[in-house]
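*Asks:* Input: one structure, supplied below.
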Amino acid sequence: MIAENVAHFARVLRSAGLAVGPDRVVAAVAALECVGVERRGDVHAALAAVMLDRHDQQPLFDAAFDAFWRDPKLLEKLLMELLPKISGRGTRPQAPRSNRLAQALAPERDRPGTPVNPNASEEIRFDASFTFSDRERLQRADFDTMTPEEFALASRLAEDLPPPVAPVRRRRHERAPRGVPDLRATLHAMVRAPHTLVPLTTRPRRELPPLVVLLDVSGSMDRYARVMLHYVHGLARRHPRIHAFTFGTRLTDVTRCLRGRDPDVALAAVGQRAGDWHGGTRIASCLAEFNRHWARRVLGANAAVLLVTDGLDRDEHGSLADEAARLRRGAHELVWLNPLLRFDGFEPRAAGVRALLPHVDRFLPVHNLASLADLRRALQAAASPRPSSRPWN
């Protein structure tokens, strides 16, 4: 039946990383009943209308649709209630556009983690575990093109990355084997033990400054936001002075959610608390709320702010430039992490990007593990020219 074809196609999309639940399968069947199956273009448009959330999912959907429904006699197969074949005989399938789609379209026996039939004589077993070379390749792989297994491994590796900020020198001193002699402490020690002859020394205390993460969880940032939450969760377990906020259509404090030891439980708590996950983006309004209610509480003692967003603002209320300037005045350093910088030909044509650029200290990419691992080195490097002086402005 047509419903079985649609359900099978939904499973392929789900394996490729798209959120296609049973409700969308029901909606897709209803849509096909309305438009009919006489024309391939109508079937494509109807399924895309009910199964997709964002425009950036369209290329993956198109590749999956072409590979799944590639038989030119689609109408006859649908009318004869035959399931389409994933791997045809005698024809070479079209190359999928991403690793996620390639794995989703692979036969069950070819997927990593699938049990192997011991009775099959011609079947060869391969070790599906990640080797050292796989991990090296994974460092440069884009989060958006990873298979589910690669994405899970990348999330685990992000948990152990070092903090992006270096310890700063404080006014208070601490006891040290070498340093400046502390006459007061030495005299007190001599009172308690008169035979003390070696003077006690101290040095300035060095500690990590506060770190504030403002993470965009809108639809276009879905995969990058999930890895960043794993990264922040790992930092929160080692760095007590970290504050995390998610924003899409509203600002949400998720700092307590990330204090748990189990990353899966912590991210599930974040998903329940952030009700605007996978929605729109109102950067100006969310920054205004942070400046009003949170800036004085969390920005202090040389606090650095990591703003993780693609800058695609759809907020019609408030001035993004004014709120970004206000945020910059309250922070010791404002660093913008944008996954769109992975493209060599990136140009800040969007209004939100152009409004934010003049008010950030650093503008860095964040699209793979290598960019996260290099974040500390990039922040400690010599200050680069202000973004307003870049050639594209």
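*Asks:* Could you pull out every residue, at least 5 positions away or on a different chain, whose amide H is within less than 5 Å of the one on residue 313? Hs are placed 1.01 Å off N in the peptide plane, and Pro or chain starts have none.
*Replies:* 352, 353
*Asks:* Would you mind calculating the gained length between residue 184 and residue 171 on full extension (0.36 nm times residue separation, minus the Cα-Cα distance), in nm to one decimal?
*Replies:* Fully extending the segment from residue 184 to residue 171 adds 3.0 nm.
*Asks:* Let me ask something else about it. If a paramagnetic tag sat 7 Å from the Cα of residue 264 along the Cα-Cβ line, which residues of region 221-239 would have the backbone N under 18 Å from that point?
*Replies:* Hits in region 221-239 for residue 264 at 18 Å: 226-227, 229-231, 233-234.
*Asks:* Still on this structure: Of 182, 142, which has the most accessible area and how do the rest follow, probe 1.4 Å?
*Replies:* Largest accessible area first, the list is 182, 142.
*Asks:* Where Rh is the Kirkwood radius over the Cα pairs of region 236-338, the temperature 20 °C and the viscosity 1.002 mPa s, what D in µm²/s does Stokes-Einstein return?
*Replies:* After rounding, the answer is 149 µm²/s.
*Asks:* For residue 279, list long-range residues whose amide hydrogen, built 1.01 Å from N in the peptide plane, is under 5 Å from its own amide hydrogen.
*Replies:* 219
The values are calculated or read from the model by the stated rules, or taken from the named source; none is laboratory data. From a predicted model like this one, the values you see are computed outputs, not experimental measurements. All Cβ positions, even for glycine, are placed from backbone atoms using ideal geometry, and neighbour counts span all protein chains on display. Just so you know, the surface numbers come from the protein's heavy atoms only, side chains and all, with ligands and any DNA or RNA stripped out. Shrake-Rupley method; radii C 1.70, N 1.55, O 1.52, S 1.80 Å.
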